Amino acid sequence: MFKVLRLIDIRCSLQYIPQNSLSIMPMYNGYETPEYQVIDGPVKDASYEVRKYPTAKWTSTEVSSPVLDGAPSTGFRRLFNYITGKNESGNTISMTCPVTIAVNNRESAFANMKTIVSFYVPTSHQEKPPVPTADDVYTEDRKETTVYVKTFGGFAKSKDWYNQVTQLREDLIKDGVKEDQIKSDMFYAVSYDNPYKFFWRRNEVWITKKSNKETLSSNKNKIQHPVKNKLQIFKNNSDNNDDNAKPAPK
């Protein structure tokens, strides 16, 4: 029985393997997934993949949680209500995968984690998605994005997401990707399978590659900040000198 299941899983998994770096409309286990293009990475035979996702609409909801493990179920429930009719047209919308969770850095050590849980809007509704009726669900226009992708298996928990994204970042730096070329204030935790799939699960972590404009802006800020700091130090020293120059009160 396990051999049969394995063959089925391999057959379904082959549907999303890119060929010759062409843009494809992949499927995974019968579910539509967003189109993407595999592009050349910094090195050959890397432990990760570089993908370019075109502009597309996603259905999203923001979830604030003390831990990452608490976000997916809350977000999934809201989005599932949306695709099963909780929208202005009352339409049922096809389920897609994966579920992406944008994980943002905490504002402070005491703040909840802010995440954005998202479903890809199927092709049949991309042009005009049904409007959500819930206040906490919205349509996200996600711009063209290039991401570094690391795939792993198992039932992913919070520590797994962080361990995997840390390893991905270390691999990128080792392969010559600079810190200012990637977004370090967030990453995507990406899940393809439902909780009832026990074997050969597929999870991914995505680190977003900055656009050339974002990288230039980051470098510009790095150049400007030291000057600003020196000016502030100079001003502080000048103020101190002025204070020292004042005559002592009689």
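When Phe187 is tested against the conditions (1) open to solvent by less than 40 Å² (accessible area, probe 1.4 Å); (2) assigned to a helix (DSSP H, G or I); (3) in contact with a helix residue (DSSP H, G or I) (Cβ under 9 Å, 6 or more places away or on another chain), the lone failure is (2). Only one entry in Val38, Val67 is hydrophobic (A, V, I, L, M, F, W, C), closer than 25 Å to Thr166 by Cα and in contact (Cβ under 8 Å) with a residue 40 or more places away in the chain, namely Val67. Under the condition of being within 25 Å of Trp206 (Cβ to Cβ), of a type in the set (Gly, Ala, Ser) and assigned to a loop (DSSP other than H, G, I, E, B), the residues counted in the stretch 118-135 number 0. Of all the criteria given as (1) out of contact with any Lys or Arg (no Cβ under 7 Å at 6 or more places or on another chain); (2) among the β-branched types (Val, Ile, Thr); (3) farther than 17 Å from Ser191 by Cβ, the one not satisfied by Thr74 is (3).
Evaluation of Leu68 against the conditions (1) buried (at least 16 other Cβ atoms within 10 Å of the Cβ); (2) under 22 Å from Leu172 (Cα atoms); (3) in contact with a helix residue (DSSP H, G or I) (Cβ under 6 Å, 6 or more places away or on another chain) shows that the sole unmet condition is (2). Restricting attention to the stretch 168-184, the residues that are touching a residue at least 40 places away in the same chain (Cβ under 8 Å), touching a Ser or Thr at 6+ places or on another chain (Cβ under 8 Å) and open to solvent by 30 Å² or more (accessible area, probe 1.4 Å) add up to 0.
Taking first residues from the stretch 192-210 that are farther than 14 Å from Lys150 by Cβ and partners that are basic (Lys, Arg) and modelled with pLDDT of 95 or more, the Cβ contacts under 7 Å between residues at least 6 apart in sequence or on separate chains come to Asp193/Arg201; Asp193/Arg202; Lys210/Lys183. Of all residues in the stretch 39-98, those being within 30 Å of Ala111 (Cα to Cα) and basic (Lys, Arg) number 3. Considering only the stretch 86-95, I want to know if a residue exists there that is over 16 Å from Pro195 (Cα atoms), under 20 Å from the mean Cα position of the chain (by Cα) and not in a strand (DSSP E or B). The answer is no; no qualifying residue exists.
The values are calculated or read from the model by the stated rules, or taken from the named source; none is laboratory data. Since the structure is predicted, the reported quantities are computational estimates derived from the model, not experimental observations. As a convention, Cβ positions derive from the backbone with ideal geometry for all residues, glycine included, and neighbour counts pool all protein chains shown. Just the protein is used for accessible areas: all its heavy atoms, side chains included, with ligands, DNA and RNA removed. Shrake-Rupley method; radii C 1.70, N 1.55, O 1.52, S 1.80 Å.
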